[in-house]
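Structure record follows, encoded as structure tokens.
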Amino acid sequence: MNYFEFYQMPIRFKIEEARLKKLFHTKSRQYHPDFYTSESAEKQAEVLQLSTLNNKAYKTLSDFDKRMEYVLQCLNVLGKEGETKLPQDFLIEMMDINESLADLQFDFDAEKYQQILNEIKSIENQLVNEVKPVLETLDATILTHDEKKNVKNFYLKRRYLLRIQKTLTTFAAQ
């Protein structure tokens, strides 16, 4: 059973977070192990498993990036870690940013730092706008092959940009 099935929700990139939270709390009460202390060991184990599933499902689905990855896994779009490649044109576009990052590492400049950060935000906004209609699809299982591929590329590019932002934050802290 996948996390969406557990909450009886369609597989979607964009979800109603308030509904998810309500379902999580309902299932937390329903499967709380303290309510099953007088049950058989088998029933206690089953409830503990459902309680754990509830916690993992909520943790994954309530976080946009984790949910993106999970939906792509449900759709069998993502390969194993390390097998999935970023589009070559995107990597070429990132060369200038990576060179600026290397310069920044050796000679920090607050103005250059902000410039790189703004450039990354601009690229990320452009990526979001390109894929936004697909992310808002009511049921991700009906997406075409090309739409799935576009969302996968968006996810991979966004992860790449988030790593750059994390690196930038490290430089700024130093």
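Structure summary
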| item | result |
| --- | --- |
| Qualifying residue in the range 34-51 (condition: part of a helix (DSSP H, G or I), outside the structural domain of Asn150 (by TED's automatic domain parsing), touching a residue at least 40 places away in the same chain (Cβ under 8 Å) and of a type in the set (D, E, K, R)) | no |
| Residue within the range 115-134 that is farther than 14 Å from Leu161 by Cβ and in contact (Cβ under 8 Å) with a residue 60 or more places away in the chain present | yes |
| Positions within the range 63-80 being without any contact (Cβ under 8 Å) to a residue 12 or more places away in the chain and assigned to a helix (DSSP H, G or I), in sequence order | Phe64, Lys66, Gln73 |
| Lone qualifier among Thr84, Thr60 - being in contact (Cβ under 8 Å) with a residue 24 or more places away in the chain, under 26 Å from Lys152 (Cα atoms) and part of a helix (DSSP H, G or I) | Thr60 |
| Condition met for Asn54 (more than 18 Å from Glu124 (Cα to Cα) and either in a helix (DSSP H, G or I) or aromatic (Phe, Trp, Tyr) (or both)) | yes |
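The values are calculated or read from the model by the stated rules, or taken from the named source; none is laboratory data. Quantities reported herein were computed from a predicted structural model and do not represent experimental measurements. Because the Cβ atoms are built from the backbone with ideal geometry, glycine has one as well, and the counts that use them run over all protein chains shown.
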